[in-house]
Amino acid sequence: MAATRAEIEDFLYHEADLLDEWRLEEWRDLFTDDGRYYVPATDNPEGDPDLDLALISDTKEGVRGRVQRLLSTWAHIENPRSLTRRVIGNVRVEPGPGENEVVARCNAIVYRSRVAGTTTYAARLTYRLRPGEDGALRIVLKQTVLDHATLRDSGGVLSIII
């Protein structure tokens, strides 16, 4: 993979900005056609996305639908939308399993503010990235492992994209 660590970090910061600014259609477009967004259940963080129950297990089509719902009035819990702020750190980069792929791992803290207060999510993010046809990095896999035993402290619902 020709991308440098700095370029990969910039990509991760750009993705965080898109999500915090609620530019969800641009975020959706970061995924490859075979891309996947996966958030395993909190009691099975190493779960298999094809076999195990997950909080979120979206293909590109699922990501498209999730973004469409969040931007509509149908996502009542996000109308008005939450205010979020992400902090990304401890970025690690290694060669990926596929040709021209790279694996990037990082830690994330996401602050979600609503009228009722602010919730903090801590997570370990793992990405498989590869260049798209235009040469820009694209997401093949985004796996978000929450560092929470339960989602009770956040209202029991994960309505934002981590």
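The values are calculated or read from the model by the stated rules, or taken from the named source; none is laboratory data. This structure is a prediction, so every number in the text was calculated from the model and none was measured. Neighbour counts are summed over all protein chains in view; Cβ atoms, including those assigned to glycine, are modelled from backbone coordinates with ideal geometry. Accessible surface is based on the protein model in full, side chains and every heavy atom, while ligands, DNA and RNA are left aside. Shrake-Rupley method; radii C 1.70, N 1.55, O 1.52, S 1.80 Å.
Table for the structure above
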{"quantity": "Flag for Ile56 being under 27 Å from Val115 (Cα atoms), at pLDDT below 95 and hydrophobic (A, V, I, L, M, F, W, C)", "calculated": "yes"}
{"quantity": "Members of the range 111-126 found to be open to solvent by 10 Å² or more (accessible area, probe 1.4 Å) and small (Gly, Ala, Ser), listed by number", "calculated": "Ser113, Ala116, Gly117, Ala122"}
{"quantity": "Output for the range 63-83, where each listed residue is modelled with pLDDT of 95 or more and touching a strand residue (DSSP E or B) at 6+ places or on another chain (Cβ under 8 Å)", "calculated": "Val63"}
{"quantity": "Members of the range 49-79 found to be over 17 Å from Thr126 (Cα atoms) and of a type in the set (S, T, N, Q), listed by number", "calculated": "Gln68, Ser72, Thr73, Asn79"}
{"quantity": "Looking only at the range 95-110, and only at residues there that are open to solvent by 90 Å² or more (accessible area, probe 1.4 Å) and over 14 Å from the mean Cα position of the chain (by Cα), the one that is nearest to Glu7 (Cα to Cα)", "calculated": "Pro95"}
{"quantity": "Residue list for the range 1-23, filter: of a type in the set (A, V, I, L, M) and either farther than 14 Å from Glu101 by Cα or outside any loop (DSSP other than H, G, I, E, B) (or both)", "calculated": "Ala6, Ile8, Leu12, Ala16, Leu18, Leu19"}
{"quantity": "Glu46 vs. criteria open to solvent by 60 Å² or more (accessible area, probe 1.4 Å), closer than 30 Å to Gly98 by Cα and either at pLDDT 90 or above or out of contact with any strand residue (DSSP E or B) (no Cβ under 8 Å at 6 or more places or on another chain) (or both)", "calculated": "no"}
{"quantity": "Residue in the range 128-146 that is at pLDDT below 95 and farther than 30 Å from Ala6 by Cα present", "calculated": "no"}
{"quantity": "Matching residues in the range 127-150 - criterion: being within 15 Å of the chain's Cα centre (by Cα) and surrounded by fewer than 16 Cβ atoms within 10 Å (Cβ to Cβ)", "calculated": "Asp147"}
{"quantity": "Conditions (1) in contact (Cβ under 8 Å) with a residue 40 or more places away in the chain; (2) farther than 17 Å from Leu18 by Cα; number of the one not met by Lys142", "calculated": "(2)"}
{"quantity": "Any hit, the range 27-35, residues being without any contact (Cβ under 8 Å) to a residue 60 or more places away in the chain, exposed (fewer than 13 other Cβ atoms within 10 Å of the Cβ) and not acidic (Asp, Glu)", "calculated": "no"}
